[in-house]
Amino acid sequence: MPTAAEPTGMTSPAELAERYGLSKSSIRPPLSSYLRELWSRRQFVLSYATARTYAMYAGARLGSIWQVLTPLLNAGVYYLAFGVLLGTKNGIDNYVAFLLSGIFVFTFTQRCMTEGSRSLALNLSLIRTLHFPRATLPLAYVLNELNQMLVSLAILFVVVGFTDGPAWRWFLIVPAMLLQMMFNIGITLVFARIGTFVSDITQLLPFVTRTWLYASGIFFSLPSKLEQLNAPSWVVQVLAFNPISAYIDIVRRSLLQEHKQNELPHAWTIAIVWSFVMLAGGFWYFWRAEDRYGRG
C-alpha cells in the first residue's frame, strides 16, 4: 500500500521532461555546435564590445581622448623611470619607439587577462537570464582591448614615422597583431574560467603580470642585457620562449630598422606556436565548463 510520502500517480521530473521533450538549459553542447552558435552571435560580441568602450570613458570630462592619453602617460612614466633614471636606453637606437612598442604589446595582453578574468563574474545576471554561448563575453572584452590597441598602434606609427622612417616591413605588423590576438583570445578564455570559480585570481593577477612585465624585455634588450651579465646562451633561448617577448620582438622587427642587433632567436616560430596552442587549448578549456557558468 502506498504511504502518504509516496502518493500514487506521482511522476518524477525526469519523466515529465522526457514526456514533453524538455532538456536542460545549461547542458554543454557539442564543440562543433558551440562554435556555430558562437559565430551566429558575432554581432552581439561586436555591439557589446563597442558599448563597453563607450562606457569606459562616458563619465570622464575628456571622454574618449583618454584612449590616446592613457598609453602616452604610461609610456612617459616608464621612460622616466627606466630610460632616464635607470639608463636602460643606453645602447638602444630610437629608444622611444623601442619602449612604446614593448609597452603597447604587453598592455594588450595584460588587460585582456585581467579584464577577462572578471568578464563572467560581472555579468552573472545576464548569464542567468539568457541562454547564449558564454564565450561571447570574454571575446567581447578582447575586442574592447583590441580597440585600445589600435589607438596605441596609431600613436606608434606616428612616432616611428618621425624617428625611423617608413618601410615595407610595416606590413608585417598585420600578421604580428593577428598572432597576438589569437594568443590573447586563448589566454582570456583560460582566465575567464578560472576567475569564475576562483575569485581571488583577480587579486593575484597584478603581481603575476608585473613580474611578467619585468621579464619580457620591454625596457631593455634581452640579448644585450644578458650579454652584459655574461649569462649562458641557453638563458636567452629560454627567455625567448616567453610569448610576450616573442610578440614584442616581431612587432619591433616590423617597425624598427635598428632592432636587428637586438632580435631574439626564432621569435616568429615561437609566436606562431604559442598562438595556435593557446587559442585551441584556451577555447577547449573554457568550453569544458560551459554548463557550470552562472551557477551559485
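Miscellaneous remarks
- Within segment 27-55, tally of residues that are surrounded by fewer than 11 Cβ atoms within 10 Å (Cβ to Cβ) and either touching a residue at least 12 places away in the same chain (Cβ under 8 Å) or charged (D, E, K, R) (or both): 1
- Any hit, segment 245-261, residues being under 24 Å from the mean Cα position of the chain (by Cα), at pLDDT below 90 and open to solvent by 30 Å² or more (accessible area, probe 1.4 Å): yes
- Residue in segment 269-289 that is in contact with a helix residue (DSSP H, G or I) (Cβ under 7 Å, 6 or more places away or on another chain), within 15 Å of Gly217 (Cβ to Cβ) and assigned to a helix (DSSP H, G or I) present: yes
- Pick from segment 153-189, criterion modelled with pLDDT of 85 or more and in contact with a Pro (Cβ under 9 Å, 6 or more places away or on another chain), ranking: surrounded by the fewest Cβ atoms within 10 Å (Cβ to Cβ): Ile187
- Ala215 passes every criterion in (1) at pLDDT 85 or above; (2) open to solvent by 10 Å² or more (accessible area, probe 1.4 Å); (3) over 20 Å from Leu137 (Cα atoms); (4) aliphatic (A, V, I, L, M) apart from (1).
The values are calculated or read from the model by the stated rules, or taken from the named source; none is laboratory data. In this text, all values refer to a predicted model and were calculated from it rather than measured experimentally. FYI the Cβ positions are ideal-geometry reconstructions off the backbone, even for glycines, and counts take in every protein chain you see. What goes into the accessible areas is simple: the full protein's heavy atoms, side chains included, and nothing from ligands, DNA or RNA. Shrake-Rupley method; radii C 1.70, N 1.55, O 1.52, S 1.80 Å.
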